[in-house]
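Trainee: Please read through the structure below; I'll follow up with questions.
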4 protein chains.
Amino acid sequence: MKALFKVPSSLLKIKTQGQDESTKAMTQKLIEAPELEVQKWLNTKEDLSLKKLRGKVIAIYAFQMLCPGCVEHSIPQARNVFASFNPDDLIVIGLHTVFEHHQAMAETALKAFIHEYKIKFPVAIDTPSEKDYDPIPKTMRTYNMAGTPSLILIDRLGFLRKYKMGHEHDLKLGAELMALMKEKTPMAKIPEEIKGTAQTCKI
Amino acid sequence: MKALFKVPSSLLKIKTQGQDESTKAMTQKLIEAPELEVQKWLNTKEDLSLKKLRGKVIAIYAFQMLCPGCVEHSIPQARNVFASFNPDDLIVIGLHTVFEHHQAMAETALKAFIHEYKIKFPVAIDTPSEKDYDPIPKTMRTYNMAGTPSLILIDRLGFLRKYKMGHEHDLKLGAELMALMKEKTPMAKIPEEIKGTAQTCKI
Amino acid sequence: MKALFKVPSSLLKIKTQGQDESTKAMTQKLIEAPELEVQKWLNTKEDLSLKKLRGKVIAIYAFQMLCPGCVEHSIPQARNVFASFNPDDLIVIGLHTVFEHHQAMAETALKAFIHEYKIKFPVAIDTPSEKDYDPIPKTMRTYNMAGTPSLILIDRLGFLRKYKMGHEHDLKLGAELMALMKEKTPMAKIPEEIKGTAQTCKI
Amino acid sequence: MKALFKVPSSLLKIKTQGQDESTKAMTQKLIEAPELEVQKWLNTKEDLSLKKLRGKVIAIYAFQMLCPGCVEHSIPQARNVFASFNPDDLIVIGLHTVFEHHQAMAETALKAFIHEYKIKFPVAIDTPSEKDYDPIPKTMRTYNMAGTPSLILIDRLGFLRKYKMGHEHDLKLGAELMALMKEKTPMAKIPEEIKGTAQTCKI
């Protein structure tokens, strides 16, 4: 697990949605997942986008190919999620968010990694920052991710429903994914208060 | 994993529900889960029954305390399921279905096992057969279980939704349990064709 | 891992051999392993004793059949040690040291356990104390074991060379066993200062 | 585990030392380990060589940083071996034998890998072949390694004592390493017939 040293405030807001008690109404409103800023898509016939995938649940695994926690836990879980659910309901995306050792984890290396680790789901290369002093790529910055591995779940309507740095237990993740997949409410019917994914889960 | 040598035909019928193609209509009809025949309940203030638990999803882990596969895989998973979900939605029951080494796995030994393995969910002792020649206890016989460990899932309406001998992967189980928990259809509205739990799962 | 609450002083003496600094000379002298006090031997054609096995390295796994740490770690390791080395050089003994739940772990239950866990090496039932108030069996008391699982290594000359409560890592254990097996010094030649098994190991 | 497609005959000779029955005398003769052909040493103050290390047991882990079996099994074991034994007796060397995805596993990437996987033992980069058509680096070719991960054990006298492609069990490896460390016979006293490392091990 690779943690960045500073977690900007905007990330904390995402992570703790529903816990900011400034106004009750605010906390209940979900945040629409910002679009991915992708330099290049691998493992897919055509470029994807969150917008194009609207209507499906999306599980995004942010990883770095040289991050031990990603290699040991997240990539195998992502493969298992990809193999276990119907792509009409759930899309798995790997997001290569390189924030260190940039030279060692360039596209050529990533392609070899994808080949060796038998990754079959789409992998997006996060766009590097245009600012020379900023090692953090754009989508990682936008989502204010705390490091790698990070797991992001987006519902059928495009709302951000879960952000977690580190590994999620398979049992809980399976339950959360199914809960999101079972939500088929059309846009018009979203209630003011949308209940979170994992509410049936104690952990 | 302890397999009995003979799997009676009635069990096969339960296991393959929806796959017997004699008539399409028949296969779609779910089987109501037969009541448990319990000699004694442990780890619970009052005796339970499937009938009393109607309205909740029920996960039954049939096990033997000296079955290595049960000890290594099923009991830890059952503990995790018990710890992860709201008891208003999901009940975990251990069912001690002793079909061998009966003397070694009597009530005193089971109580020590429950203590040592920190089992907090209710455990039912399956009632031994009244027939001297039959080592298989009554509920195990009724459900025609193929051995231990066996996992049984029952929906909120009391229908048998899954029977599996051996270990179920956490990711898939989490998804199946959540799918069952999300079914809140009142009795009157059950359609003729009830779709199975795991349909969104490819595996 | 099951710890007894009180570790009698004599055990501490065994555990810390070489660290008692009363006299340097004393600390270098090894303790002859006390004979096992066995109620009954299982899995062996004839009764064994440390004396009979003199000339071989002996690995004793003290366990309880309902001790989770024993079942998960020690028994599998003991099976692996038994399968990996030549019985002319190394003998593996399981010692059933029941100090709790006595009724649940009697001989019948132990036999079922041995069968189910495919234990092929000799298993000795430690003799219960004659004192009603003492739950700890005789060999466990003599060796002042701290609980289960416990691992005891005895060298070819009958000296106690290692006592450890809990699990030993395979790599280190393999090295220690081989070091003991490579000691072929005849009785007469034992130097005053016998160097310990694990001296080449840093951990 | 990454296997090369062709295993040249000379490798087979190394692997099956003692089993070639052309002449009994021949089979007993050990092969002196060929010197490593290293492009660059990392993680070490000065360049090493087998010759310089004469007198110590040497464990060489041939690996590729993008080989899943190496990352999951060999690197953690190598770290554990390095941490467990006295460097006066045993030296651990990582040998980066890149035979595929050469561009993705260049020195910069390897350094990032060494940092991320907390490798503290010396790592040698195997020298690439001068022949354009040959993807296999020089030491890998000389030893006729079958792929990665590969484990090579060299005794205090510089003889090749073990070659294994794939993972070796910790228990057996610990025993083999200790057997080699216990060999302190001076050069002059090597008997015509040197018995192999693992003879006490059945597996």
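The values are calculated or read from the model by the stated rules, or taken from the named source; none is laboratory data. Since we're looking at a predicted model, the values are computed, not measured. Cβ coordinates were reconstructed from backbone atoms using ideal geometry, including for glycine residues, and neighbour counts include every protein chain displayed. Please note that ligands, DNA and RNA were not included when accessible areas were found on the heavy atoms of the full protein model with its side chains. Shrake-Rupley method; radii C 1.70, N 1.55, O 1.52, S 1.80 Å.
Trainee: Is it the case that some residue within region D:29-51 is within 29 Å of residue D:170 (Cβ to Cβ), open to solvent by 20 Å² or more (accessible area, probe 1.4 Å) and within 14 Å of chain A (Cβ to nearest Cβ)?
Mentor: no
Trainee: Something else now. In this structure, is residue A:140 of a type in the set (A, V, I, L, M), within 11 Å of the chain's Cα centre (by Cα) and over 22 Å from residue A:47 (Cβ atoms)?
Mentor: So residue A:140 fails the test.
Trainee: Condition first: farther than 18 Å from residue B:128 by Cβ, modelled with pLDDT under 95 and of a type outside the set (Val, Ile, Thr). Can you find one or more residues in region B:30-37 that meet it?
Mentor: Keep residues of region B:30-37 that are farther than 18 Å from residue B:128 by Cβ, which gives B:30-33.
Subsequent filtering for residues that are modelled with pLDDT under 95 retains B:30-31.
Then drop every residue that is not of a type outside the set (Val, Ile, Thr), which leaves B:30.
Yes - at least one qualifying residue is present in region B:30-37.
Trainee: Restricting the first residue to region D:49-64 and requiring it to be within 15 Å of residue D:39 (Cβ to Cβ), which pairs with a second residue that is open to solvent by 10 Å² or more (accessible area, probe 1.4 Å) and of a type in the set (Asp, Glu) meet a Cβ separation below 8 Å and a spacing of at least six or different chains?
Mentor: D:49/D:35; D:64/D:100
Trainee: May I pose another question? Residues that are among the charged types (D, E, K, R), out of contact with any helix residue (DSSP H, G or I) (no Cβ under 6 Å at 6 or more places or on another chain), within 28 Å of residue D:101 (Cβ to Cβ) and without any contact (Cβ under 8 Å) to a residue 40 or more places away in the chain: does region D:133-140 have at least one? It would help to see each step written out before you state the result.
Mentor: At the first step, the residues of region D:133-140 found to be among the charged types (D, E, K, R) are D:134, D:138.
Restricting the remaining residues to those that are out of contact with any helix residue (DSSP H, G or I) (no Cβ under 6 Å at 6 or more places or on another chain) gives D:134, D:138.
Those left that are additionally within 28 Å of residue D:101 (Cβ to Cβ): D:134, D:138.
Adding the requirement that they be without any contact (Cβ under 8 Å) to a residue 40 or more places away in the chain leaves D:134.
Yes, region D:133-140 contains at least one residue that is among the charged types (D, E, K, R), out of contact with any helix residue (DSSP H, G or I) (no Cβ under 6 Å at 6 or more places or on another chain), within 28 Å of residue D:101 (Cβ to Cβ) and without any contact (Cβ under 8 Å) to a residue 40 or more places away in the chain.
Trainee: May I ask you to list the residues in region C:94-122 that are over 17 Å from residue C:73 (Cβ atoms), within 15 Å of the chain's Cα centre (by Cα) and of a type in the set (A, V, I, L, M, F, W, C)?
Mentor: C:98
Trainee: Does residue B:159 qualify as being open to solvent by 30 Å² or more (accessible area, probe 1.4 Å), away from chain A (no Cβ under 14 Å) and among the hydrophobic types (A, V, I, L, M, F, W, C)?
Mentor: Details: open to solvent by 30 Å² or more (accessible area, probe 1.4 Å): yes; away from chain A (no Cβ under 14 Å): yes; among the hydrophobic types (A, V, I, L, M, F, W, C): yes.
When the stated conditions are applied, residue B:159 passes them.
Trainee: Return the residues of region C:108-134 that are more than 8 Å from chain B (Cβ to nearest Cβ) and more than 24 Å from residue C:80 (Cα to Cα); say none if nothing qualifies.
Mentor: C:127, C:128, C:129, C:130, C:131, C:132, C:133, C:134
Trainee: Suppose we filter region A:82-99 for residues that are more than 7 Å from chain B (Cβ to nearest Cβ) and in contact with a strand residue (DSSP E or B) (Cβ under 8 Å, 6 or more places away or on another chain); how many remain?
Mentor: Residues flagged as more than 7 Å from chain B (Cβ to nearest Cβ) and in contact with a strand residue (DSSP E or B) (Cβ under 8 Å, 6 or more places away or on another chain) within region A:82-99 amount to 11.
Trainee: Just to be sure I understand the filter: pairs with C-beta atoms under 7 Å, separated by 6 or more residues or on different chains, first member in region C:157-168 and small (Gly, Ala, Ser), second member surrounded by 17 or more Cβ atoms within 10 Å (Cβ to Cβ). Which pairs pass?
Mentor: Once the first residue is small (Gly, Ala, Ser) and sits in region C:157-168, its partners that are surrounded by 17 or more Cβ atoms within 10 Å (Cβ to Cβ) give C:158/C:33; C:158/C:50; C:166/C:1; C:166/C:149.
Trainee: Checking residue B:185 against (1) modelled with pLDDT of 95 or more; (2) open to solvent by 60 Å² or more (accessible area, probe 1.4 Å), which test does it fail?
Mentor: Unmet condition: (1).
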